[in-house]
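Student: Quick one: this structure, given as structure tokens, is what I'll be asking you about.
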Amino acid sequence: MSQISKVYNPSEVEDKWYKTWVESGCFKGKVDSKKEPYSIVIPPPNVTGVLTMGHVLNNTIQDILIRRARQMGKSAVWIPGTDHAGVATQTKVEAYLRKEGLSAKKLGREKFLEVAKQWRDKHGGIIIEQLKKLGASCDWDRLVHTLDADYSKAVLTAFVKLFEQGYIYRGKRMVNWCPVNLTALSDEEVIMTPQKSKLYRMKYELVDEPGKFLEIATTRPETIMGDTAVAVNPKDERYSRYIGKKIWRPFPKAQIIIIGDEYVDMSFGTGVLKVTPAHDPADFELSKKHNLPVIEVMNADATMNGLAGPEFEGLDRYAAREKAVEMLREMGQLVAVEDYENNIGFSERGNVPIEPRLSDQWFLRYPKVAEAKEAVESGAIKFWPKRWEKTYEHWLDNIRDWCISRQIWWGHRIPVWYRKGVANPDMHNPDEVYVGVEPPADPQNWVQDEDSLDTWASSWLWPFATMGWPDPKAQKERGMDYFYPTSDLVTGPDIIFFWVARMIMAGMEFLPGEMKDKIPFKNVYFTGIIRDMQGRKMSKSLGNSPDPLAIIEKYGADGLRFGVMNCAPQGQDILFSEERVELGRNFCNKLWNACRFRQMSQPQDNSSLDKIVRRLDRSKMDADDRAIISSLIKCSEEISKDYLLYQFNSITQRLYSFFWNDFCGWYLEVSKSRLNDPEAMQTVLAVEDLCIRQMLLLLHPFMPFITEELWHNMGYGADGSFIQDQSPSFAGELEKAGIVVDAEALEQTEKLKDFATVARALKAKCNLGSKRDVRLLVMPVDDGNLLKSNTEKLKKLIGAASIELVGQQSEMPASLCDLGTVYIDVRGNVDAGAELARLGKEREKLENAIKAARARLANQAFVSKAPANVIEGAKKQLSENEAKLAEILKIIDGLKA
RNA sequence: GGGCGAUUAGCUCAGUUGGUUAGAGCAUCUGCUUUACACGCAGGUUGUCGGGGGUUCGAGUCCCUCAUCGCCCACCA
């Protein structure tokens with residue numbers, strides 16, 4: 001055992017152990033047929049991202065599960081990796097290029113990708129180093145990046161398979177278009193945000209009835225130029241007669257038709273809808289139904305084009321809106337402008353409203369939707385908390401085709417080639433269109449599709465593409481047969497559609513076997529979202545996002561991990577503040593010092609559980625020994641149950657409470673006096689060593705560094721093995737030695753604790769709290785033997801010179817406890833008034849309790865219907881309280897006399 | 001508009017199937033260098049468990065209802 005410092009200093013310890021672990025290869029996942037497999041794939045962070053508190057929560061949970069699995073004797077692997085994050089990275093690289101006076105366009109695809117790769121390699125991987133600081137025990141040899149050659153092959157293989165089965169198609173559809181990033185987005189990437197806007201009421205003149213107008217309400221006057229119809233509800237008596245007639249579009253001035261469609265809500269606005277097929281998804285549907293022309297008046301960047309007319313060409317959509325309103329006003333066709341709040345879809349990355357845009361894109365009709373639903377409904381995949389299953393099902397029930405093409409270069413280029421010189425290639429004619437994982441043999445005759453795939457169209461393969469799929473050799477090397485399906489997935493509910501649901505469908509589609517073999521994971525644990533103390537989401541713009549690395553620097557990774565887990569109830573959002581971490585840091589320090597205290601006594605052989613158990617001499621154990629071991633057994637059992645339910649905060653609370661209160665607060669204190677007794681000392685030290693050993697084991701998944709350090713400092717890891725490979729179970733070994741949970745000892749200890757608390761409170765009330773030599777007298781309720789046999793340690797604990805057993809006393813401040821009446825000798829310095837006031841309060845409390853208990857017991861319904869143990873309890877409580885009250889009354893009388 | 005969650009001490013939250021006098025950490029107040037730990041020890045203060053109704057011998061816990069806050073989904077211009 002080595003000397004350890006007074007205050008725990010995490011940084012050296014953490015760096016030292018992480019290095020040792022990695023060098024030893026103890027995080028490596030190995031196929032071992034003798035062991036049960038346990039696997040997790042990391043939700044791949046953005047390769048150029050930095051660690052956030054969300055990552056801390058997420059990855060701490062994964063690390064806890066992995067380390068626990070190792071301790072439980074499983075062969076565990078945690079597969080790490082990073083995501084290329086298509087649009088996000090492309091945007092960042094473009095911003096960088098702009099600063100350099102360059103642009104993606106100028107560079108061209110090849111050059112751009114070169115720069116982007118350099119940029120990624122320079123900024124990438126920071127987050128991986130940060131995860132190491134956190135203690136994440138990933139198998140780093142398996143690090144995967146979604147743009148790796150193997151992984152890319154998997155992505156393209158999936159594309160080709162789906163294309164061949166007709167799930168993937170290309171078509172001109174209305175998509176969500178980001179005018180900043182100039183790409184299509186999926187529905188999931190659109191963030192609906194309520195906006196304060198205006199509702200413009202304007203009037204269009206009827207062609208057949210000059211001077212007569214229909215009033216129309218719109219929020220988007222800038223799209224007037226693209227109107228190709230006006231629609232009314234055929235049931236609407238106000239307007240139905242105009243159906244089929246023509247109306248003047250104000251600009252560019254043209255006649256457009258009035259159509260009737262049930263879709264129009266008569267009660268909204270004026271009941272007349274302008275139809276702009278090229279710039280509104282609903283209007284586009286109307287145009288198909290009614291065969292309307294489609295006029296695009298906007299460019300990709302949301303500026304107006306030539307078709308909008310010379311007044312508008314080149315204007316941004318919002319400038320165009322103002323211009324259109326102004327023109328309407330000048331023409332006398334603007335009726336009113338009203339304040340209005342509506343939901344606008346925003347582009348997540350571009351942070352601007354998306355523009356519905358008609359364009360040629362690639363779509364995926366989702367495969368295996370029903371199977372994916374069944375996987376969760378049948379319980380093959382379990383969600384924690386369960387309520388997310390509803391969200392998942394609802395999404396699957398309303399699923400729509402996924403736009404998987406992005407007009408960016410950073411990503412997996414769509415593996416489709418078109419025959420040069422063919423104007424409108426037929427997708428299903430191999431002479432005109434080539435679809436394959438490898439490029440065509442005669443590339444000079446083909447042109448590849450320019451688009452790349454949505455990032456999620458690569459990450460949805462994550463659980464098996466990281467294990468070598470679709471290459472059988474790689475799968476064998478990485479033990480896919482053994483490790484797939486993965487055991488647990490830990491992620492945020494915000495990507496339940498983006499990622500979780502899609503991974504399930506991908507597993508169902510691409511993997512062979514029965515459902516239990518195809519599912520990508522058996523359990524999904526959805527974390528809460530980390531917020532600040534005001535409940536706001538953490539964001540860079542608010543500046544409320546603490547830097548986890550700075551926190552680790554200040555408090556240690558173990559403190560951070562413990563603090564976060566302590567306040568992270570299952571599936572509930574977490575309001576985070578640094579104070580949480582202080583709790584964790586303080587707990588580390590407590591642990592550290594308890595071990596330091598133990599090391600002040602002579603070292604013993606701690607090299608195995610067996611050796612410690614053999615040092616426990618049952619004949620020399622007292623109630624405190626038996627009680628603390630009983631608590632330890634119970635604590636460990638409860639924790640095992642909590643793990644099965646993913647109740648991590650409950651685990652931290654049990655560990656904290658046992659170690660701080662039961663072990664340090666009581667056991668170490670009461671046994672201090674026994675350390676002077678050579679007979680008792682050996683047993684006390686053995687009990688201490690056992691408790692500390694088991695605590696280190698149970699704490700290890702939460703606080704890997706300090707527990708590893710102490711494990712070795714305290715001599716538990718004498719054979720050099722790591723704590724992560726040691727089983728935390730011990731009750732069986734104890735049982736063999738005849739040591740089991742001792743309810744009587746626990747009860748006795750509770751009584752002694754109660755006595756100490758009451759006595760100390762009594763001291764404090766008499767302003768003698770800091771005196772170490774008060775004289776205590778006790779009138780016991782029983783024979784007083786428990787007190788007699790524990791007098792020495794109680795004196796020490798309470799700060800008393802003597803504890804004498806006596807009969808009824810008077811004129812002494814007193815309190816009641818389970819063991820009897822405690823008096824304190826204050827030698828005539830009693831403040832009778834204060835004492836009476838205090839006792840009066842206590843008397844009132846007891847009287848109320850007695851009254852309530854009597855009423856309950858007098859209630860025939862209660863006595864006849866309540867279970868026997870409840871009635872017994874009530875009776876016992878009543879008689880105890882009656883005895884206490886009688887005692888209080890005697891003391892009060894004594895004081896008055 | 002639909003769905004989900006939350007509402008318990010000044011703050012952040014526990015409270016498993018209804019069962020004695022509702023807990024923890026932080027904060028706050030008082031006292032304390034006691035064989036480790038002031039990142040500590042001892043003691044104290046703080047609650048009509050969001051409102052209302054119901055079921056029950058008994059409700060923080062189950063049911064109904066209302067309110068407030070938050071999240072997700074939804075093409076009303």
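Student: For the stretch A:258-356, count the residues as N, evaluate 2.2 N^0.38 Å, and divide the Cα radius of gyration by that value, please. Can you show the working numbers first?
Tutor: Working: Rg = 15.0 Å, N = 99, 2.2 N^0.38 = 12.6 Å.
Dividing the Cα radius of gyration by 2.2 N^0.38 Å gives 1.19.
Student: Additional query: Which one, A:THR193, A:ILE381, A:PRO867, projects farthest toward the positive side of the charge dipole computed for chain A from Cβ point charges (K/R +1, D/E -1)?
Tutor: A:PRO867
Student: Separate question: Hey, what did chain A get for relative contact order, percent, Cα under 8 Å, at least 6 apart? Before the final figure, lay out each step's value.
Tutor: Numbers: 1528 pairs, mean separation 111.2, N = 897.
RCO, chain A: 12 percent.
Student: Below 10 angstrom from the Cβ of A:LEU797, what's the summed charge of the other residues (Lys, Arg +1; Asp, Glu -1)?
Tutor: Result for the local shell: +4.
Student: When 1/r is averaged over all different Cα pairs and the result inverted, which Kirkwood radius in Å belongs to the stretch A:98-200? It would help to have the intermediate numbers written out before the result.
Tutor: Details: mean 1/r = 0.0536 Å⁻¹.
Kirkwood radius, the stretch A:98-200: 18.7 Å.
Student: Also, I was wondering about something else. Once you charge only the Cβ atoms, +1 for Lys and Arg and -1 for Asp and Glu, what is the size of the charge dipole of the stretch A:613-670 about its Cα centre, to the nearest 20 debye? Working shown, then result.
Tutor: Working: 8 positive and 9 negative charges, 49 e Å.
It works out to roughly 240 debye.
Student: Which order do the peptides A:522-530, A:332-340 take when ranked by the mean count of other beta-carbon atoms within 10 Å per residue, highest first?
Tutor: Numbers: A:522-530: 20.0, A:332-340: 13.4.
Result, highest mean first: A:522-530, A:332-340.
Student: Any chance you could run the full-extension gain for A:TYR169 through A:LYS796? It's 0.36 nm times the residue separation minus the Cα-Cα distance, nm to one decimal.
Tutor: On the way: separation 627, 0.36 × 627 = 225.72 nm, distance 8.14 nm.
Extra length from A:TYR169 to A:LYS796 when fully extended: 217.6 nm.
Student: So how do A:672-680, A:710-718, A:147-155, A:314-322 stack up, highest first, on mean other-Cβ count within 10 Å? Don't jump to the answer; show the numbers that get you there.
Tutor: Values: A:672-680: 13.6, A:710-718: 20.8, A:147-155: 19.2, A:314-322: 16.8.
Output ranking for A:672-680, A:710-718, A:147-155, A:314-322: A:710-718, A:147-155, A:314-322, A:672-680.
Student: Additional query: Please list, ordered by chain and number, the residues whose modelled amide H lies under 5 Å from the amide H of A:LEU805; skip anything fewer than 5 residues away on the same chain.
Tutor: Answer set, sorted by chain and number: A:VAL778.
Student: Compute the FRET efficiency between A:MET600 and A:LYS16 as 1/(1 + (r/R0)^6), taking r as their Cβ-Cβ distance and R0 = 22 Å, and round to the nearest 0.05.
Tutor: Details: r = 24 Å, r/R0 = 1.10.
Efficiency computed from Cβ-Cβ geometry: 0.35.
Student: Compute the separation of the alpha-carbon centres of the stretch A:633-703 and the stretch A:208-265 and state it in Å as a whole number.
Tutor: With the stretch A:633-703 and the stretch A:208-265 each reduced to a Cα centre, they are spaced 78 Å.
Student: While we're on this one: Multiply the residue gap between A:ASN9 and A:ALA550 by 0.36 nm, knock off their C-alpha separation, and tell me the result in nm, one decimal place.
Tutor: Details: separation 541, 0.36 × 541 = 194.76 nm, distance 1.52 nm.
Separation in residues times 0.36 nm, less the Cα-Cα distance, equals 193.2 nm.
Student: Right, next: In terms of modelled amide H atoms, which long-range or inter-chain residues lie less than 5 Å from the amide H of A:LEU358?
Tutor: For A:LEU358, whose amide H was placed from the backbone, the distant partners under 5 Å are A:VAL175.
Student: If you don't mind, there's one more thing I want to ask. Can you give the angle from 0 to 90° between the axis of helix A:388-397 and the longest principal axis of chain A, with both taken from C-alpha atoms, to the nearest 10?
Tutor: Approximately 20 degrees, to the nearest 10.
Student: Starting from the 7 Å offset along Cα-to-Cβ, what nm value, one decimal, do you get for the label separation of A:GLU110 and A:GLN860?
Tutor: The modelled label-to-label distance comes out at 10.0 nm.
Student: I'd like the Karplus ³J(HN,Hα) series for the stretch A:578-595: coefficients 6.51, -1.76, 1.60, θ = phi - 60°, whole numbers in Hz, and an x wherever there's a Gly or Pro.
Tutor: Each residue of the stretch A:578-595 in turn: 4, 4, 4, 6, 4, 3, x, 5, 4, 5, 4, 5, 4, 4, 4, 6, 4, 5 Hz.
Student: What's the extension gain from A:MET72 to A:GLU669 if we count 0.36 nm per residue and subtract their Cα-Cα distance? Walk me through the numbers before you get to the answer.
Tutor: Values: separation 597, 0.36 × 597 = 214.92 nm, distance 3.26 nm.
Length gained between A:MET72 and A:GLU669: 211.7 nm.
Student: If you don't mind, there's one more thing I want to ask. Determine, for A:THR391, A:THR466, the number of other Cβ atoms within 10 Å of each Cβ, and report the residues in order from fewest to most.
Tutor: Details: A:THR391 15, A:THR466 28.
Ranked by crowding around the Cβ, least crowded first: A:THR391, A:THR466.
Student: Now a separate question. 7 Å from Cα along Cα→Cβ at both A:ASP773 and A:GLN682: what's the point-to-point distance in nm?
Tutor: Here the answer is 3.7 nm between the modelled labels.
Student: Right, another one. With each label point set 7 Å from Cα along the Cα-Cβ vector, what nm distance links A:TRP660 and A:ARG760?
Tutor: Placing both labels 7 Å along Cα→Cβ, they lie 1.4 nm apart.
Student: Principal axis extents for chain A, Cα atoms only, whole Å, descending order, please.
Tutor: 113, 66, 57
Student: Loop only by DSSP, 10 or fewer other Cβ within 10 Å of the Cβ. Give me the trypsin sites (Lys or Arg not before Pro) in the stretch A:226-289 that pass, ordered by residue number.
Tutor: Taking the stretch A:226-289 and a limit of 10 other Cβ atoms within 10 Å, the loop trypsin sites (Lys or Arg not before Pro) found are A:LYS253.
Student: I would also like to ask the following. Provide the FRET efficiency to the nearest 0.05 for the A:TYR96-A:GLU311 pair, computing r from the beta carbons and using R0 = 45 Å. Walk me through the intermediate numbers first.
Tutor: Numbers: r = 37 Å, r/R0 = 0.83.
E(calc), rounded to 0.05, equals 0.75.
Student: Still on this structure, please answer the following. Can you list residues from other chains, or at least 5 along the same chain, whose modelled amide H is less than 5 Å from the amide H of A:ILE344?
Tutor: Counting only residues 5 or more places away or on other chains, the set is A:THR193, A:GLN195.
Student: Specify the angular offset, from 0 to 90 degrees and rounded to the nearest 10, of the alpha carbon long axis of helix A:317-330 from the longest principal axis of the alpha carbons in chain A.
Tutor: Relative to chain A, helix A:317-330 is tipped by roughly 60 degrees.
Student: Right, another one. Over the stretch A:1-146, what number does the Rg to Rh ratio reach, with both radii from the alpha-carbon atoms and Rh per Kirkwood?
Tutor: Working: Rg = 19.3 Å, Rh = 17.6 Å.
Expressed as Rg/Rh, it is 1.10.
Student: Report the one residue of A:LEU453, A:PRO463, A:ILE404 whose Cα lies farthest in the direction of the positive end of the charge dipole of the stretch A:384-466 (charges on C-beta: Lys and Arg +1, Asp and Glu -1; origin at the Cα centre).
Tutor: The one lying farthest along the dipole's positive direction is A:PRO463.
Student: Starting at the first residue of the stretch A:755-769, write each ³J(HN,Hα) from the Karplus equation 6.51 cos²θ - 1.76 cosθ + 1.60 with θ = phi - 60°, in whole Hz, x for Gly and Pro.
Tutor: Karplus-based 3J(HN,Hα) across the stretch A:755-769 equals 4, 4, 5, 5, 5, 5, 5, 4, 4, 4, 5, 8, 6, 10, x Hz.
Student: Suppose every K and R has +1 on its Cβ and every D and E has -1 on its Cβ; what is the size of the dipole of chain A about the Cα centre, in Debye to the nearest 20? Mind dumping the intermediate values first?
Tutor: Values: 120 positive and 126 negative charges, 256 e Å.
Computed about the Cα centre, the dipole is about 1240 debye.
Student: If you don't mind, another one. Of the DSSP beta bridges with both residues in chain A, give the percent that are antiparallel, rounding to the nearest 5.
Tutor: Within chain A, antiparallel bridges account for around 70 percent of the total.
Student: With r defined as the distance between the Cβ atoms of A:ARG329 and A:GLU262 and R0 fixed at 30 Å, what FRET efficiency is calculated, to the nearest 0.05? Provide the component values of the computation, followed by the final result.
Tutor: Working: r = 33 Å, r/R0 = 1.10.
According to the calculation, E is roughly 0.35.
Student: Among A:HIS55, A:TYR38, A:THR20, whose Cα projects farthest towards the positive end of the dipole of the stretch A:1-71, with charges put on the beta-carbon of Lys, Arg (+1) and Asp, Glu (-1)?
Tutor: Projecting each Cα onto the dipole axis, the largest value belongs to A:TYR38.
None of the figures in this text is laboratory data; all of them are computed from the coordinates on show. These figures come from a predicted structure and were not determined experimentally. Because the Cβ atoms are built from the backbone with ideal geometry, glycine has one as well, and the counts that use them run over all protein chains shown.
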